[in-house]
Amino acid sequence: MAGGAPAPGGVASQTFASARNWLLMPSWAVLLVFVAAPVAMMLVYSFLTKEFRGGVIWEFSTGAYDQFFCNRGLFGDEPCQIEWTYINIFWRSIWQAGLATVLSLLIGFPTAYFIATRSEKTRALWVFAITIPYWVNLLIRTVSMKFLLRDQGPLNDLLIGLGLTEDPLRIINTNLAVQLGLYYSYLPFMVLPIYAAVERYNFTLSEAAADLYATKWATLRRIVLPAVKPGIVAGCILVFVPSLGAFLAPDLLGGARNFMIGSLIEEQFKGNAGNWPFGAAASMILLTLVLLVLLVSATQQRRTKGAV
Amino acid sequence: MANGTTVAVDIRNAVKRYGEFTALKTISLGIADNEFFTLLGPSGCGKTTLLRMIAGFEDVTAGEIFLYGEEIETLPPHKRPVNTVFQNYALFPHMTILENVGFGLEMLGQSKAQARTRAGEMLELVQLSQFAARKPAQLSGGQQQRVALARALAPSPKVLLLDEPLSALDLKLRKAMQIELKHIQRETGITFIFVTHDQEEALTMSDRIAVMSAGELQQLGSPRDIYERPRNRFVADFIGETNLLDVTVDRIDGGIAECVLDSGQRLSCEAADSVAPDSRAHLSIRPERLVLGHDPAAPALKAQVRETIFVGTDITTLLTLENGPEITVRSSNSARGNKRVFAPGAHAFVAMEPGAARLLVD
Ligand SMILES: Nc1ncnc2c1ncn2[C@@H]1O[C@H](COP(=O)(O)OP(=O)(O)OP(=O)(O)O)[C@@H](O)[C@H]1O
Ligand SMILES: [Mg+2]
C-alpha cells in the first residue's frame, strides 16, 4: 500500500521469520504426508503398467492416458482417434457439478443471508440446524434418500395422496435424483462460508445505499454482493470440487446412465476388475481440472481486489 | 421560529418505543429552511434515534414527520430526499472515492458520465480531487469524513443529516472541520440537522439547538438563549459550566425573584417562568459571571478559598461558602484578573455581576 517508509528489516524480523518457519513445521509435515505424498503416488501409478487382477507392474507406460484419450480400434493397433467415452463422462460430471453449484448458490445465498440477519441467539440455532444432517454418515444419508425418492417411497406416496399425480413420478435413477443428492450432500458448504461473509458485512453500508436512493435490489447487487463475494467464491469451490468427484450420489441415486467421474475412478480400484493405472490417470486429469478452476477463481479474486 | 420562514422538517408528536422501552417521548419540533440545527444531549438521550426516524431507518411508533409539507414517516429511506453523513462514514469499500460520491446520483438515474462530473465537482468542494481514484481504505480519517460529506451532498438533498460526524477526529482537525462544515452549509443553503453530544461544538456551529435528555426535549433556542437563559437545571448543568446553589424562593415579581440561601443570605435574581413562591429551587450562576474581591460589597457572599487552578487563558478558583456549598469562580488571566488571585485558605468575597444569577427548577 503506502510506499515510502523502509521495511523494518534487521534482527527482529529475521528471528520472527525463523520462529514462524519452526511453528509452521507441523503443518508442512501434515501437508507432505497427506497431500503431496498421495498425489505423487498417484502420478507415479498413472505411468505404470496394469496388472490384470488389480495392482501394477513396475514398468513405465503411457497406456493409461492413451486409453483415456485414444480409440485405437478393436485390436489396439490403429492410429489414435479421439475416444469420447471418458471425455463425455467428464463433461457430464462437470455439467452436473456446475448445475449443482449454481442451484446451491441460488438456494444457499438467501438461506445464509436469512440466518446472518437473525438475532444472535437464533443465528446459532439455525447454523446448528443446518449441520444436523452431518452427524449421520454420508452413505447412510444417501441410501435414505434413495428410499425417500423410490417409486413406492414416501415422496411419491405423498404426491399421490395429495392427488398431484396418479402414477408415481420417476425420480430415482434420473439426473434430478443426482442433483437432489448433491444438494443434500454439499449445500451446507455453500451456506456456511456465505453466512460467515454476510455476518461480517457492515449493514450500515446497506443503510448508506438506501439513503443514497438505492432500491433493495440495487443495494444487493451493487453493495452486498461485492462485499460478500469471497464467501460466495469459497462456497462455490467447496460445492463444485466435491460434486465433481462425487460417487455416492450418482451411484446410488443416478443409476447406470448417470455415471460420473467419481464412480469411474472408484471402479478402477474395486475388486479384481479394476485398472489401477487408468484410475490414477483419470484422477490426475480430474486434479488438473480442479486446479485450473481454482487458478481461474484466484486470479479473478486478485483482479477484483485491485489496488487495495 | 420566526414567522414567514419555511419549515423544512416538522416533527409532530413523534414517539419511539423499542418494546417496553420508550426511547423518544412525544417530541415536537420544527426545523427551518436553511437552518443549521443541532440535536444536543448526553449519550443515550435519543438523538440518533430521532435522526434515523427522519432518514427512514427507524419506524415511528406514533406521530408524523413532514418534509417541506409532505408527510414522509411511512416512506422507505430511498424515497426520502434527505441524505445522511454517518458517524463511521459508511463509505463503500470496494468503490473508488469518485464512485462513492457519484453513487447517489447514479441511483437517481443520472448517467455514469453525469454522475462522474458532478462527483468531481463535489470532491473539489471538499478539496479531495487528487484522491478521486483511491479506495476509502487509502484515506485518513479526516479525508474519509470529507468524502462522506461530499457523497451526501452530491445529490443536493433538501436536508442533510449528520450524526456526530466529527467525533472520530482529533481536536485540531475537528475545529477545522467545524468551520468547513459551517462554511459549506452557508454556501449550499442546505438545511443541516447535526447531532452531537459536545456542547461546545453545538454552541459554535448552530443557528438553533434542541437540548434533549432521556428522550425528551428540554429546551429549544439559539445558542445564546440556551447558554444564558437555560430553562431548567438540566440544561444549565449540561451546557457549559455552572454553579448550582439550593435556595428557597421568598417572593417572585415580574420575572425577578427574591430568594434565600441556606446560610440565610438573601439574593435577587432572574427566574424562569415555572418557579413558584415558597418552593425550593436552584440558583445557577456561571463561573465567569462571578468576581472575587477583598471587600464585603453589598450582594457578595463570604467564602474561603480551597484551591486556585491555572488553566492557560483563565484562572479558576474553587471556594467553599458559609454552610458548606461549593462554588467555582473563573477570571481571565489578565492584569486585572491576576489581582484577584487568592492563596488557598484565604478569605474572599464573591460578588455577582448584575443578572448573573438565574433561578431554575428541576
Ligand atoms: N434497536 C434498539 N433496541 C432497543 N433499544 C434501543 C435500540 N436503539 C436504541 N435504543 C435505546 O434508545 C436510546 C436512545 O438511543 P440513541 O442511539 O438514539 O442515543 P443517542 O442519543 O444517539 O446516544 P449517543 O450519543 O451515545 O449516540 C438508548 O437508551 C438506547 O439504548
Ligand atoms: Mg448516537
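Odds and ends about this structure:
- Candidates B:ALA152, B:ALA62, B:ALA137, B:ALA148, filtered to the one that is within 15 Å of A:TYR213 (Cβ to Cβ) and at pLDDT 90 or above: B:ALA152
- Segment B:23-98 holds no strands (runs of 3 or more DSSP E) entirely within its bounds that carry 3 or more residues that are more than 25 Å from B:SER213 (Cβ to Cβ) and either aliphatic (A, V, I, L, M) or within 14 Å of chain A (Cβ to nearest Cβ) (or both).
- Selection status of A:SER144, free of Cβ contacts under 8 Å to residues at least 40 places away in the same chain, within 14 Å of chain B (Cβ to nearest Cβ) and either within 19 Å of A:ALA227 (Cα to Cα) or open to solvent by 50 Å² or more (accessible area, probe 1.4 Å) (or both): no
- Residues being touching a residue at least 24 places away in the same chain (Cβ under 8 Å), part of a strand (DSSP E or B), surrounded by 14 or more Cβ atoms within 10 Å (Cβ to Cβ) and out of contact with any His (no Cβ under 6 Å at 6 or more places or on another chain) - total across segment B:241-263: 9
- Listed by first and then second residue, the pairs with beta-carbon distance under 7 Å, at least 6 apart or on different chains, first residue in segment B:326-347 and of a type in the set (Lys, Arg), second at pLDDT below 80, are B:ARG340/B:GLY293.
- The residues on offer are A:ILE261, A:ILE265, A:ILE237, and the sole one that is under 30 Å from A:THR204 (Cα atoms) and of a type in the set (Val, Ile, Thr) is A:ILE237.
- Filtered residue count, segment B:136-163, keeping only those that are within 16 Å of ligand 1 (Cβ to nearest atom) and in contact with a helix residue (DSSP H, G or I) (Cβ under 7 Å, 6 or more places away or on another chain): 2
- The set of residues in segment A:204-246 that are open to solvent by 40 Å² or more (accessible area, probe 1.4 Å), facing chain B (nearest Cβ under 9 Å) and part of a helix (DSSP H, G or I) comprises A:THR204, A:GLU207, A:LYS216, A:ARG222, A:PRO226, A:ALA227, A:LYS229.
- Segment B:68-124, subset basic (Lys, Arg) and open to solvent by 50 Å² or more (accessible area, probe 1.4 Å), residue nearest to A:VAL228 (Cα to Cα): B:LYS112
- Applying the condition of being within 15 Å of ligand 2 (Cβ to nearest atom) and open to solvent by less than 10 Å² (accessible area, probe 1.4 Å) to segment B:212-231 and asking which residue is nearest to B:ALA357 (Cα to Cα) yields B:MET212.
- Residue list for segment B:43-75, filter: within 16 Å of ligand 2 (Cβ to nearest atom), on the phi < 0 side of the Ramachandran plot and of a type outside the set (A, V, I, L, M): B:SER43, B:CYS45, B:LYS47, B:THR48, B:THR49, B:ARG52, B:PHE57, B:GLU58
- For segment B:99-129, a residue qualifies if it is within 11 Å of chain A (Cβ to nearest Cβ), among the polar types (S, T, N, Q) and either part of a loop (DSSP other than H, G, I, E, B) or without any contact (Cβ under 8 Å) to a residue 24 or more places away in the chain (or both), and exactly one does: B:GLN110.
To keep it simple, each residue is scored yes or no on (1) in the same structural domain as A:PHE189 (by TED's automatic domain parsing); (2) in contact with a His (Cβ under 9 Å, 6 or more places away or on another chain); (3) not charged (D, E, K, R).
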site: A:TYR65; (1), (2), (3): no, no, yes
site: A:GLU120; (1), (2), (3): yes, no, no
site: A:THR131; (1), (2), (3): yes, no, yes
site: A:VAL143; (1), (2), (3): yes, no, yes
site: A:LEU149; (1), (2), (3): yes, no, yes
site: A:LEU169; (1), (2), (3): yes, no, yes
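- So A:TRP126, is it at pLDDT below 95 and closer than 20 Å to A:ILE232 by Cα: yes
- Residues of segment A:186-203 that turn out to be part of a helix (DSSP H, G or I) and either of a type in the set (Gly, Ala, Ser) or within 14 Å of chain B (Cβ to nearest Cβ) (or both), as a count: 3
- Taking every residue in segment B:134-147 that is facing chain A (nearest Cβ under 8 Å) and pairing it with any residue that is part of a helix (DSSP H, G or I) and of a type in the set (Phe, Trp, Tyr), at least 6 positions away or on another chain, the pairs with Cβ-Cβ distances below 9 Å are B:GLN138/B:PHE131.
- When every residue of segment A:196-210 is checked against the conditions, none turns out to be farther than 28 Å from B:GLY102 by Cα and touching a residue at least 60 places away in the same chain (Cβ under 8 Å).
- All positions within segment B:27-54 that are exposed (fewer than 15 other Cβ atoms within 10 Å of the Cβ) and more than 8 Å from ligand 1 (Cβ to nearest atom): B:SER28
The values are calculated or read from the model by the stated rules, or taken from the named source; none is laboratory data. As the structure is a prediction and not an experimental result, all values here were calculated from the model. Reconstructed Cβ throughout: ideal geometry from the backbone, glycine too, with neighbour counts over all protein chains shown. To get the accessible areas, we keep the full protein, side chains included, count just its heavy atoms, and leave off ligands, DNA and RNA. Shrake-Rupley method; radii C 1.70, N 1.55, O 1.52, S 1.80 Å.
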